[in-house]
1. Please tell me if LEU30 is more than 16 Å from GLN141 (Cβ to Cβ) and at pLDDT 90 or above.
2. Of everything in the range 131-162 that's under 22 Å from LEU79 (Cα atoms) and within 11 Å of the chain's Cα centre (by Cα), which residue is surrounded by the fewest Cβ atoms within 10 Å (Cβ to Cβ)?
3. Can you tell me how many residues in the range 99-130 are open to solvent by 70 Å² or more (accessible area, probe 1.4 Å), out of contact with any Pro (no Cβ under 9 Å at 6 or more places or on another chain) and at pLDDT 85 or above?
4. Looking at the range 155-169, which of its residues are of a type outside the set (A, V, I, L, M, F, W, C) and closer than 17 Å to LYS194 by Cα?
5. So LEU81 ticks every box in (1) open to solvent by less than 50 Å² (accessible area, probe 1.4 Å); (2) without any contact (Cβ under 8 Å) to a residue 60 or more places away in the chain; (3) not aromatic (Phe, Trp, Tyr) but one. Which box is left unticked?
6. Test ARG192 against the stated conditions and say whether it is in contact with a Lys or Arg (Cβ under 6 Å, 6 or more places away or on another chain) and open to solvent by 30 Å² or more (accessible area, probe 1.4 Å).
7. Might you let me know whether the range 34-51 holds any residue that is touching a residue at least 60 places away in the same chain (Cβ under 8 Å), more than 16 Å from PHE171 (Cβ to Cβ) and open to solvent by 70 Å² or more (accessible area, probe 1.4 Å)?
8. If PRO204 satisfies every condition in (1) surrounded by fewer than 19 Cβ atoms within 10 Å (Cβ to Cβ); (2) touching a Phe, Trp or Tyr at 6+ places or on another chain (Cβ under 8 Å) but one, which is the exception?
Amino acid sequence: MVRDGIFYALGLIVVALILWRLTGSIGISLIPILLAVFFLWFFRDPARRIPTGPGEIVSPADGKVTEAEWIETPDGSRLRLSIFLNVFDVHVNRSPIEGTVKLVNYKTGLYLNAMRADSNVLNEQNVVVIENENCSIQVKQIAGLLARRIVCWVKPGDTLQRGERFGLIKFGSRVDILMPPDANLQVKRDDRVKGGSTVLAVVPTRNTVEG
């Protein structure tokens, strides 16, 4: 479990005790208790079996694939997948590949519905670029209609393992991932994916290319 959930739950339990002492009403005191249970559940952080195949790119988030398309960037064509997280999904973000963090860039913004096409430009967001000898991957954490805080635990120069936790988006949100043009897509639109365990695509490794 992410420790934020514990902090929220403890605070709500204190509120429940205060309400019970002031009102003597179990019904009123039960409201913050139920909220505390919800926060403990929402901030769950289940263990995942991380794939170990060469060149595999795993999902950075739990959710539903809402877009899978090629886009043009200043660095050329890239394969973009958008993953929508509803309030019932696990909201911990995981690294798609093993590699070094090259960039972390946070930008303030709006809180539009994350299903909107322009939310990846207008909403609050944080871009993390991770590179290794085979590829460079960009993960964009995007706040949604209910989200009010993006959390990122890494900085440039940090080393991540495939599937390692690097951040969190609180409540409904969206995560975009940009992959290189030689990525062999393994999922499609409307698929459900799990962070750290679902293989989104496979890229050629240096050994494969040399062989």
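The values are calculated or read from the model by the stated rules, or taken from the named source; none is laboratory data. This structure is a prediction, so every number in the text was calculated from the model and none was measured. Note that each Cβ is placed from the backbone with ideal geometry, even for glycine, and that neighbours are counted across all protein chains shown. Note: accessible area is taken over every heavy atom of the protein model, side chains too, but ligands, DNA and RNA are not part of it. Shrake-Rupley method; radii C 1.70, N 1.55, O 1.52, S 1.80 Å.
1. Values: more than 16 Å from GLN141 (Cβ to Cβ): yes; at pLDDT 90 or above: yes.
Yes, satisfied.
2. My answer is LYS140.
3. Residues in the range 99-130 being open to solvent by 70 Å² or more (accessible area, probe 1.4 Å), out of contact with any Pro (no Cβ under 9 Å at 6 or more places or on another chain) and at pLDDT 85 or above: 4 in total.
4. GLN161, ARG162, GLY163, GLU164, ARG165, GLY167
5. Result: LEU81 fails condition (2) only.
6. yes
7. Within the range 34-51, one or more residues are touching a residue at least 60 places away in the same chain (Cβ under 8 Å), more than 16 Å from PHE171 (Cβ to Cβ) and open to solvent by 70 Å² or more (accessible area, probe 1.4 Å).
8. So PRO204 meets the others, but not (2).
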